[in-house]
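The values are calculated or read from the model by the stated rules, or taken from the named source; none is laboratory data. On a predicted model such as this, the values are computed, not experimentally measured, just so you know. Note: ideal-geometry Cβ built from the backbone for every residue, glycine included; neighbour counts use all protein chains shown. To get the accessible areas, we keep the full protein, side chains included, count just its heavy atoms, and leave off ligands, DNA and RNA. Shrake-Rupley method; radii C 1.70, N 1.55, O 1.52, S 1.80 Å.
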Amino acid sequence: MDVMIHSSSFLLPCDETCGTRYALVVLNQNLPRFTPLLWEHAKLRLCADGGANRIYDELPLFFPHEDPFVIRNRYKPDVIKGDMDSIRRDVLDFYVYWGTKVIDESHDQDTTDLDKCISYIRHSTLNQESSRLQILATGALGGRFDHEAGNLNVLYRYPDTRIVLLSDDCLIQLLPKTHRHEIHIHSSLQGPHCGLIPIGTPSANTTTSGLKWDLSNTEMRFGGLISTSNLVKEEIITVESDSDLLWTISIKKTGLPVQDHKP
Ligand SMILES: Nc1ncnc2c1ncn2[C@@H]1O[C@H](COP(=O)(O)OP(=O)(O)OP(=O)(O)O)[C@@H](O)[C@H]1O
Ligand SMILES: Cc1ncc(C[n+]2csc(CCO)c2C)c(N)n1
C-alpha cells in the first residue's frame, strides 16, 4: 500500500519554490488571521458566493494603515462562484469591474457553494495531472452545523482531491483508506490536540504511531470509541485504517507568521 505524506507547510512563510501548490477557497465566515499569507502563495483564489463579502469587508482590516481601496485591488479573487444569494450587489459590481470571473450557478440548488468551487478547481488547467492542486478552504468550521456538515461532505465527495478545511482554531482533512498516511507535524504552528474520527463508516481496524493514545488494530465507531482530545507526541504520525478517517489537529494562536504578507 502506498504512503501518502501530509504536511501543513502552507502555514509556513516561504517563497513559491517551497511548499505545495494550492488553490484557496474563501467561504462566508470570518477570515482566519492567516488568510493574507495563504492568499499570497495560492495559485488560484476563489470566493464561494458570500465569501466575496468577507474579502471585501475584512481583508482591509488586516492593513489598518493602508487605503481599503488599494487593499481590495491587491486582493482580488480570480473567481467568484456560487448560487449568488449571499454576495452583496456592491461587492459583485466592484469585482466584476476589476476583472474577476463570476460564475452564477443559481440554477443548482443541490450542491453547496464550496462544492461548486471545488468542481471549478478540479477542472482548471492549473490542476495538471502531473501536479494536482491541493485545496484549502477558509472559514469551513465553527459556524452553522448544517454548513459544517456540508463542508465535511465535500471531503467524501472528492476523496482523491487533497482538501483541507480550515478555521482559526484547527484544520480537518480526509485520510483515505487506500493509503497508509504519514502526517508531518510543524509543532511550532500546530498541535498538540488532535483527533481521528470515523465519520463516514465505522472502522474495524485502525493502527497509529506518534500519538499519546495510539490505536493498535483498534475498532472505532460513533456510539463506541472515537479518538478525540488525543495529543501529538512525535514529529511524524502514522495512520493505517480499513476506513476513511477524518484527521483534525489544532492550530496554535501564537507562532503563525501572520506578518509575512506585509509589502
Ligand atoms: N456558518 C457557516 N459555517 C461553515 N461554513 C459556512 C458558514 N456559512 C457559509 N459557509 C460556507 O461558505 C459557503 C458560502 O456561503 P453562503 O452564505 O454564500 O452560502 P449559502 O448557500 O448562501 O447559504 P445559506 O444556506 O445561508 O443560503 C457555503 O457553501 C459554506 O461552504
Ligand atoms: C435533500 C435536500 N436538502 C436540502 C437542499 C437544499 N440545498 C442543498 S445545497 C443548496 C445550495 C446552497 O447554496 C441548497 C439550497 C436540497 N437541494 N436537497
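What are the pairs, 6+ residues apart or on separate chains, where a residue within the stretch 101-124 that is open to solvent by 40 Å² or more (accessible area, probe 1.4 Å) has its Cβ under 8 Å from a residue that is assigned to a helix (DSSP H, G or I) and away from ligand 1 (no atom under 13 Å from the Cβ)?
Here the result reads 102/95; 102/96, each pair linking the stretch 101-124 to a residue that is assigned to a helix (DSSP H, G or I) and away from ligand 1 (no atom under 13 Å from the Cβ).
Looking at the stretch 125-133, can you tell me whether even one residue there is among the aliphatic types (A, V, I, L, M) and within 16 Å of ligand 1 (Cβ to nearest atom)?
No, that holds for no residue.
Just give me the residues in the stretch 128-146 being in contact (Cβ under 8 Å) with a residue 24 or more places away in the chain and not hydroxyl-bearing (Ser, Thr, Tyr), in sequence order.
Once the filter is applied, which keeps residues that are in contact (Cβ under 8 Å) with a residue 24 or more places away in the chain and not hydroxyl-bearing (Ser, Thr, Tyr), the stretch 128-146 yields 132, 133, 134, 135, 136, 137, 139, 140, 141, 142, 143.
Please work out if residue 20 is open to solvent by 30 Å² or more (accessible area, probe 1.4 Å) and within 16 Å of ligand 2 (Cβ to nearest atom). Break it down into steps so the answer makes sense when it comes.
Numbers: open to solvent by 30 Å² or more (accessible area, probe 1.4 Å): yes; within 16 Å of ligand 2 (Cβ to nearest atom): no.
Considered against the rule, which asks whether it is open to solvent by 30 Å² or more (accessible area, probe 1.4 Å) and within 16 Å of ligand 2 (Cβ to nearest atom), residue 20 comes out as no.
If you go through the stretch 117-153, how many residues are of a type in the set (S, T, N, Q) and over 17 Å from the mean Cα position of the chain (by Cα)? Show your work before the answer.
Within the stretch 117-153, the first condition is being of a type in the set (S, T, N, Q), and the residues that meet it are 119, 124-125, 127-128, 130-131, 134, 138, 151, 153.
Still in the list and also over 17 Å from the mean Cα position of the chain (by Cα): 124-125, 128, 130-131.
Count: 5.
Only residues in the stretch 226-242 that are closer than 16 Å to residue 198 by Cα and part of a loop (DSSP other than H, G, I, E, B) count as the first member; pair them with residues that are open to solvent by 50 Å² or more (accessible area, probe 1.4 Å) and modelled with pLDDT of 95 or more, Cβ under 9 angstrom, at least 6 apart or cross-chain, and list the lot.
242/177; 242/204; 242/205
Yes or no: the stretch 37-47 includes at least one residue that is within 16 Å of ligand 2 (Cβ to nearest atom), over 20 Å from residue 189 (Cβ atoms), surrounded by 20 or more Cβ atoms within 10 Å (Cβ to Cβ) and within 14 Å of the chain's Cα centre (by Cα).
Within the stretch 37-47, one or more residues are within 16 Å of ligand 2 (Cβ to nearest atom), over 20 Å from residue 189 (Cβ atoms), surrounded by 20 or more Cβ atoms within 10 Å (Cβ to Cβ) and within 14 Å of the chain's Cα centre (by Cα).
Can you confirm whether the stretch 154-166 contains a residue that is open to solvent by 50 Å² or more (accessible area, probe 1.4 Å), out of contact with any strand residue (DSSP E or B) (no Cβ under 6 Å at 6 or more places or on another chain), within 16 Å of ligand 1 (Cβ to nearest atom) and closer than 16 Å to residue 30 by Cα?
no
Filtering the stretch 186-209 down to residues that are outside any strand (DSSP E or B) and open to solvent by less than 10 Å² (accessible area, probe 1.4 Å), which residue is nearest to residue 228 (Cα to Cα)?
At the first step, the residues of the stretch 186-209 found to be outside any strand (DSSP E or B) are 186-189, 198-202.
Okay, now just the ones that are also open to solvent by less than 10 Å² (accessible area, probe 1.4 Å), so 189, 198.
Working: 189: 20, 198: 11 Å.
Filtering first and then ranking leaves 198.
Could you check how many residues of the stretch 64-83 are open to solvent by less than 40 Å² (accessible area, probe 1.4 Å) and either within 14 Å of ligand 2 (Cβ to nearest atom) or touching a residue at least 24 places away in the same chain (Cβ under 8 Å) (or both)?
Looking only at the stretch 64-83, we keep the residues that are open to solvent by less than 40 Å² (accessible area, probe 1.4 Å), and these are 71, 73, 75, 77, 79-83.
Imposing the further condition that a residue be either within 14 Å of ligand 2 (Cβ to nearest atom) or touching a residue at least 24 places away in the same chain (Cβ under 8 Å) (or both) reduces the set to 73, 75, 77, 79-83.
Residues meeting the conditions: 8.
Can you tell me which of (1) under 18 Å from residue 23 (Cα atoms); (2) open to solvent by 10 Å² or more (accessible area, probe 1.4 Å); (3) assigned to a loop (DSSP other than H, G, I, E, B); (4) within 16 Å of ligand 2 (Cβ to nearest atom) is the one residue 143 doesn't meet?
Going through the list (1) under 18 Å from residue 23 (Cα atoms); (2) open to solvent by 10 Å² or more (accessible area, probe 1.4 Å); (3) assigned to a loop (DSSP other than H, G, I, E, B); (4) within 16 Å of ligand 2 (Cβ to nearest atom), residue 143 breaks only (1).
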